[in-house]
Amino acid sequence: MVAVRSAGLVWSRNQFSPQALVPSESAVAATMQKALAVPVQALAWLGAQGTRALAALVFIGIAVPPLGAFLKPYVPEAVFLLLCISFMRVDIAALRDYLRRPAIVLAATAWTTLGVPLIAGLGCLAAGLDARSPDLYLALMLQAVASPMMASPSLAALMGLDSTLVLVTLVTSTIAVPITAPLFAYAFFGGALTLSPLGLGLKLFAILAGSLFVAGAIRWIVGVAAIQRHARPIDGFNILVLLVFVAAVMGNVVGGFLADPVRTVAFALLAFAVFLAVLGVTALIFRKAGYQRALALGLMVSQRNMGLMLAATDGVLPGATWLYFALSQFPIYLSPQLLMPIVGRLDARKAASSGGCTAPVRQA
């Protein structure tokens, strides 16, 4: 009898069976590991790019409009995946620690879910924006009632700010949005939104509850240790999913600019103004908590999760609303690059003061 053994395969001239041609489990595992090594390494490299990758997404979305047109139908699914990834990585211990001292969390939650929408709604009505530009009014109100972005804790950590506070406030604010958003929709939206306030609340609840359930199932099946061990590849996958959302909303920027350059530039300036105003006012309100916490909360509150509102409305929004949403991505994804020098100077001032200056530290 002549037998050949190679890579877990056994073949005999005198004895042949189908089972003899089945690779061993170790060989299959080794083959799968080698096949997955390259994409996992690529995702890890992408995840390590940090703010550079986030900024690049915006320009890719502008430069390749056909990509945005192709990905636009998949925005709700992309937003759902982003929520799943964020909930999957929640630090339960940090969450419990801040919930034992909930004063600042409750104050920040009330500000971002009640204060910001109320001021935005009253301001827009006082300016007559609902009559003069209904589509822009709808965009600003959807932005105001949205919860903060799920990527806020990562951006805060990247800038050396208090990411734990951001994470806890983000969770409480996101849970509150299905309740607060319909109330403000009923008070301010009128007929600007085709979806009823109750329908909006139910859609938001379904998206958030579903993503929370999926994230919990992943944590239970895979384990928290494995999620933490593969943080970089998960970051890379998160960036790829973000590309779907960013490319979809940025795809009409070039067309909007060519059709009406004055309006497009005005929308872009307004997006930066709203971002900086919300960030500045929030930091001023919470300045007594220390400059790191104040800036962290300002960053979180100014970065609204408009993708969640797109998912809740199935993307059925006017063209001008889409255009404003697209242009508002510029300050969001460029903010780490813009704010990191400021945080660096504040850190240096604090270090110099604690190193020998007798005057009290003044926290911004």
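None of the figures in this text is laboratory data; all of them are computed from the coordinates on show. No experiment lies behind these values; they were computed from the predicted model shown. Glycine gets a Cβ as well: all are built from the backbone with ideal geometry, and neighbour counts include every protein chain shown.
Listed values, structure above:
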read-out: Compactness of region 51-346, expressed as Rg and Dmax over alpha-carbon positions, Å; value: 18.1, 54
read-out: Sequence of Ile342, Ile85 once ranked by neighbouring C-beta atoms within 10 Å, starting from the fewest; value: Ile342, Ile85
read-out: Cβ-based charge dipole, region 84-241, positive-most Cα from Val222, Gly123, Thr180; value: Val222
read-out: Contour minus Cα-Cα distance for Ala42 and Ile342 (0.36 nm per residue); value: 104.8 nm
read-out: Ranked Lys203, Lys72, criterion: other C-beta atoms within 10 Å, fewest first; value: Lys72, Lys203
read-out: Relative contact order (%) - criterion: Cα under 8 Å, at least six apart; region: region 51-346; value: 36 percent
